[in-house]
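The values are calculated or read from the model by the stated rules, or taken from the named source; none is laboratory data. This one's a predicted model, so the numbers in the text were calculated from it and none came from an experiment. As a convention, Cβ positions derive from the backbone with ideal geometry for all residues, glycine included, and neighbour counts pool all protein chains shown.
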Amino acid sequence: MANNKSAGTVFEGSLEARGLKFGIVCARFNDFFVSKLLDGAMDAIVRHGGDANDVSVAYVPGSYEIPFAIKKMLRTEKYDAILALGVVIQGATAHAGYINSEVAKCLAQLGLEFGVPVTYGMITAENLEQAIERSGTKAGNKGVDAALAAIEMANLNKAIR
Ligand code: RBF
């Protein structure tokens, strides 16, 4: 990190997933894309030393329901980090904006309330092409990004404690 030299104490989370437990909440809506995000997240966790048996996956009907399942998972106190995976695609109505702002707000609140990192693996796309680009093609895979953020934040959380 650029400014480490001047700091007395530096906290950083490593990308080592060994021994960490993860919860993943997936929306079934747009499962064609969400399943790619889940594949990416699992692959990233395992490639960073995590065990697939230490990952629990919960499915909800749509992205709007993701925060509810995350709260239930957080209450169990079993997880080092939770990932939210969903794909909201803009349609003829204003639904996407409402769902997206509500979910983003709730995820941030839940992470802060429970003191457990909750990461944002949500695709908010204007059209199918943008969703394709972000679920494993030219703009990467948002499930992988959410998994890496979850690993780093889980380790940071332990480091600061
Ligand atoms: N859920 C998603 O995860 N992605 C979507 O793109 C999406 N589009 C929706 C569009 C409309 C008009 C409605 C009513 C719901 C949509 N949902 C979507 C489902 C939503 O997240 C939720 O599951 C349902 O509204 C039931 O509470």
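Just to be sure before I move on: is ALA149 buried (at least 16 other Cβ atoms within 10 Å of the Cβ), at negative phi and either at pLDDT 95 or above or of a type in the set (Phe, Trp, Tyr) (or both) in the structure I sent? Spelling it out, ALA149 is indeed buried (at least 16 other Cβ atoms within 10 Å of the Cβ), at negative phi and either at pLDDT 95 or above or of a type in the set (Phe, Trp, Tyr) (or both).
Filtering region 28-40 to residues that are within 16 Å of the ligand (Cβ to nearest atom) and either touching a residue at least 40 places away in the same chain (Cβ under 8 Å) or farther than 24 Å from ALA96 by Cβ (or both) leaves PHE29, ASN30, PHE33, VAL34, LYS36, LEU37, LEU38. Within this structure, LEU107 passes the test of being closer than 23 Å to PRO61 by Cβ and under 12 Å from the mean Cα position of the chain (by Cα).
If you go through region 44-82 and keep only what is crowded, with 17+ Cβ neighbours inside 10 Å, farther than 20 Å from ALA147 by Cβ and more than 9 Å from the ligand (Cβ to nearest atom), you end up with just LYS71. Taken together, VAL88, VAL103 contain a single residue that is touching a strand residue (DSSP E or B) at 6+ places or on another chain (Cβ under 9 Å), hydrophobic (A, V, I, L, M, F, W, C) and either in a helix (DSSP H, G or I) or under 30 Å from ARG18 (Cβ atoms) (or both), which is VAL103. For region 106-129, enumerate the residues that are in contact (Cβ under 8 Å) with a residue 40 or more places away in the chain, in contact with a strand residue (DSSP E or B) (Cβ under 8 Å, 6 or more places away or on another chain) and not in a loop (DSSP other than H, G, I, E, B). Once the filter is applied, which keeps residues that are in contact (Cβ under 8 Å) with a residue 40 or more places away in the chain, in contact with a strand residue (DSSP E or B) (Cβ under 8 Å, 6 or more places away or on another chain) and not in a loop (DSSP other than H, G, I, E, B), region 106-129 yields LEU107, LEU110, VAL118, GLY121, MET122, ILE123.
Every test in (1) closer than 23 Å to GLY111 by Cα; (2) touching a helix residue (DSSP H, G or I) at 6+ places or on another chain (Cβ under 8 Å) is passed by PRO61 save one, and that test is (2). Inside region 83-105, residues that are more than 9 Å from the ligand (Cβ to nearest atom) and touching a residue at least 40 places away in the same chain (Cβ under 8 Å) make up a count of 3.
For region 118-134, indicate whether the set of residues that are away from the ligand (no atom under 13 Å from the Cβ), more than 17 Å from ASN30 (Cβ to Cβ), of a type in the set (S, T, N, Q) and out of contact with any Pro (no Cβ under 9 Å at 6 or more places or on another chain) is non-empty. Yes; the residues of region 118-134 include at least one that is away from the ligand (no atom under 13 Å from the Cβ), more than 17 Å from ASN30 (Cβ to Cβ), of a type in the set (S, T, N, Q) and out of contact with any Pro (no Cβ under 9 Å at 6 or more places or on another chain).
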